[in-house]
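Reading through the structure tokens given below for one structure.
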Amino acid sequence: MIEICSSQNTTDLLTNSINRIGENIGNDLTEEIPIVISDLNNIKVLFPSNAIPNEFQFYTQILRNGFGITQPKYFRGGVQKHLIVVNTEFIEKLKLSESELDAVIAHELGHIFNKPNRDIPNFIDEQEFYADYFASSIGLKESLLSSITKYLEDENAQNTELFDLRIRHLNEENIFDNGNIRNL
């Protein structure tokens with residue numbers, strides 16, 4: 001179950017993207033796991049300053065020049081959910097198309113739907129490859145490559161070595177068998 005929790009002007013953008021991704025999946029994986037998707041501008045609502053004082057600064061710092069982040073343990077209404085925070089301002093700045101936005105959100109969903117083995121070397125990098133695999137497996141490979149390329153062209157791009165490696169993996173169509181990938 002996906003709950004969109006964002007400012008009004010981005011709710012439609014995120015809802016439409018989730019609907020398009022749902023069409024690509026073919027079956028509804030999103031019904032299995034409770035997920036909240038928000039834009040960065042709404043993070044103060046999700047993390048009131050009296051509850052977790054540093055969460056807003058944490059997400060703002062990480063997403064200053066990035067598309068999104070997934071938080072696996074977020075509690076809303078007393079229920080544990082997965083949280084995806086999307087930086088719609090950065091997405092607009094880089095002029096991502098609808099399909100590129102879909103690829104970014106699908107990548108973030110991939111962090112939830114794919115469960116890599118934590119005992120493998122380079123676990124952090126492998127998490128990104130698994131999330132890329134999910135987006136690619138639902139037909140968004142070219143859009144994901146395009147969004148990564150736009151990111152790398154930005155003057156504030158960080159961790160470019162990992163992004164270059166992700167592009168190589170996507171182009172080589174590596175299949176990741178060290179994790180537990182859910183069937184689509």
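Test of understanding: ordering 85, 45 by Cβ neighbours within 10 Å, fewest first, what list do you get?
The order, fewest Cβ neighbours first, is 45, 85.
Using a 7 Å offset from the Cα along the Cα-to-Cβ direction at both residue 153 and residue 73, what is the distance between the two label points in nm, to one decimal?
In this crude spin-label approximation the distance works out to 4.0 nm.
Take peptides 67-73, 154-160, 132-138 and line them up by average Cβ neighbours within 10 Å, highest first, as a rough protection proxy.
132-138, 67-73, 154-160
Take 168, 64 and order them by how many other Cβ atoms sit within 10 Å, fewest up front.
Starting with the residue having the fewest Cβ neighbours, the order is 168, 64.
Please give, to one decimal in nm, the separation of the simple spin-label points placed at residue 172 and residue 7, each 7 Å out from Cα toward the Cβ.
4.1
Counting other C-beta atoms within 10 Å, which of 76, 166 has the fewest, and how do the rest follow?
76, 166
A short reminder: the numbers here are calculations on the coordinates, not readings from a lab. What you are looking at is a predicted structure, and each value in this text was computed from that prediction instead of being measured. Positions of Cβ are generated from backbone atoms using ideal geometry, with glycine treated the same way; all protein chains shown enter the neighbour counts.
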